1. In the stretch 101-114, what residues are under 16 Å from the mean Cα position of the chain (by Cα) and in contact (Cβ under 8 Å) with a residue 40 or more places away in the chain?
2. From the list Ala61, Ala30, which one is within 19 Å of His133 (Cα to Cα), touching a residue at least 12 places away in the same chain (Cβ under 8 Å), touching a strand residue (DSSP E or B) at 6+ places or on another chain (Cβ under 6 Å) and assigned to a helix (DSSP H, G or I)?
3. Would you mention how many residues in the stretch 15-51 are β-branched (Val, Ile, Thr) and over 13 Å from the mean Cα position of the chain (by Cα)?
4. Considering only the stretch 1-42, state which residues are more than 20 Å from Lys147 (Cα to Cα), modelled with pLDDT of 95 or more and of a type in the set (D, E, K, R).
Amino acid sequence: MHRDDICTNKKLAILAKIARRMNAAGLTWAVGASLMLFLRGRVGGFHDIDIMVAEEQVAQAIGILEGLGVNKGGRPNPKYLTRHFHEFDIDGVEVDLLAGYVIVSHGLPHECPLRLEDIDSSAMVLGEAIPLHALAEWRRYYILMGKPEKAKRC
């Protein structure tokens, strides 16, 4: 098996473990960014696991992820005013948790919250249902981020 496949399989196993706990807790959550595109077959790989969660459930999500790995906190970035950003290390896999996602574009903040109606699909990974954030939302996000090539994949 190719090294990239092993890495992808490890990341997907971590994702399934996260999904089992998030789903059992009844959280409103979804994967976004390149992982969402990967699970939809639109890209060949992904770097990390990006999880969006409803802002009112962020404390529960943090607790779940802290039970699986190390909370490394957040890193300030002037392109984002996200109210809750936490980066976790779970068995060597980077997992980013976002709630109250805000993208700054041309000096203006754009609210990008996870809404139940923006979860338009799911994928099965190792027997666990993975909710997928809508392509239309990520197209808008990538445009706001100034990433037109990624927007085209949505």
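The values are calculated or read from the model by the stated rules, or taken from the named source; none is laboratory data. Predicted, not measured: the structure shown is a model, and the values here were computed from it. Positions of Cβ are generated from backbone atoms using ideal geometry, with glycine treated the same way; all protein chains shown enter the neighbour counts.
1. Within the stretch 101-114, Tyr101, Ile103, Pro113, Leu114 meet the criteria.
2. Ala61
3. Number satisfying all stated conditions: 1.
4. Answer for the stretch 1-42, where residues must be more than 20 Å from Lys147 (Cα to Cα), modelled with pLDDT of 95 or more and of a type in the set (D, E, K, R): Lys10, Lys11, Lys17, Arg20, Arg21.
Rundown of residues vs (1) in contact (Cβ under 8 Å) with a residue 40 or more places away in the chain; (2) within 17 Å of Ala13 (Cα to Cα); (3) among the hydroxyl-bearing types (Ser, Thr, Tyr), yes/no style:
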{"residue": "Arg83", "(1), (2), (3)": "no, no, no"}
{"residue": "Asp96", "(1), (2), (3)": "yes, yes, no"}
{"residue": "Ala99", "(1), (2), (3)": "yes, no, no"}
{"residue": "Leu116", "(1), (2), (3)": "yes, no, no"}
